[in-house]
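Engineer: Next up is a structure, given as structure tokens.
The values are calculated or read from the model by the stated rules, or taken from the named source; none is laboratory data. Predicted model, so just to flag it, every value in this text is computed and none were measured. Glycine gets a Cβ as well: all are built from the backbone with ideal geometry, and neighbour counts include every protein chain shown.
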Amino acid sequence: MRIRAASFRLLLLIAGLGLAAPTLLAAQDDDPHPRARHPRGHCGDSCGGTLATVIAQLSRDRGGPRALQIVMQGPLLEFAPPAPACDSRIPLTSFMRNAYLRDPDAARDPRASPQLAADLSRLPPHFIVIGEFDALKPQSEAYAEKLRAAGVAAAIREFPGMIHNFTCMPGALDAARDGLEAIADCLRQAIG
């Protein structure tokens, strides 16, 4: 995430929730209180992407500040078994469900499985970066369709030949660097 933040001169704040989705805040270099400013975009990898869209939903529902952009990379959008919109060849959702949720019933809570939310309207635009061979790709495609049906702008950029969390390997993969640049471009356009 630091690479992305440096690409567009944003301050990166990471919530103290373990693997929480970082919240990007626009901040001046001399701003002594960056936490007091409104979130400009939420961005996260994998379950961090889940948290990015959940933060947007909760903020909308509670009358909080509206981010300008949500960026998710290979997000896990439905923990609920069986996650029908997941490639069943790879047991990624069951692994993540066991790693992140103490109670299996929590998988049906839209705060854990945002794809199950009854209302996706009035959310910020979403940009989803996904690898061609990411087991969570079907979830991303289904969520983007659900967002569009609710009147929310949702774009997906698929990277051929790539796997889950490929953007974490910019030192080894050209596609990872391209993915990070696509994210930076999206946030530059949204945030200005």
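Engineer: Does A112 satisfy being in contact with a His (Cβ under 9 Å, 6 or more places away or on another chain), at pLDDT below 95, crowded, with 17+ Cβ neighbours inside 10 Å and small (G, A, S)?
Structural biologist: no
Engineer: Restricted to segment 125-166, and to residues that are surrounded by 22 or more Cβ atoms within 10 Å (Cβ to Cβ) and in a loop (DSSP other than H, G, I, E, B), which residue is modelled with the highest pLDDT?
Structural biologist: Ranking the candidates gives M162 first.
Engineer: Right, here's the next one. Tell me which residues, restricted to segment 167-179, are among the hydrophobic types (A, V, I, L, M, F, W, C), modelled with pLDDT of 90 or more and not in a loop (DSSP other than H, G, I, E, B).
Structural biologist: Passing the criteria: A175, A176.
Engineer: Take P65 and tell me if it is modelled with pLDDT under 90, surrounded by fewer than 21 Cβ atoms within 10 Å (Cβ to Cβ) and touching a strand residue (DSSP E or B) at 6+ places or on another chain (Cβ under 7 Å). Don't jump to the end; show me each part of the working.
Structural biologist: Numbers: modelled with pLDDT under 90: yes; surrounded by fewer than 21 Cβ atoms within 10 Å (Cβ to Cβ): yes; touching a strand residue (DSSP E or B) at 6+ places or on another chain (Cβ under 7 Å): yes.
Criteria met by P65.
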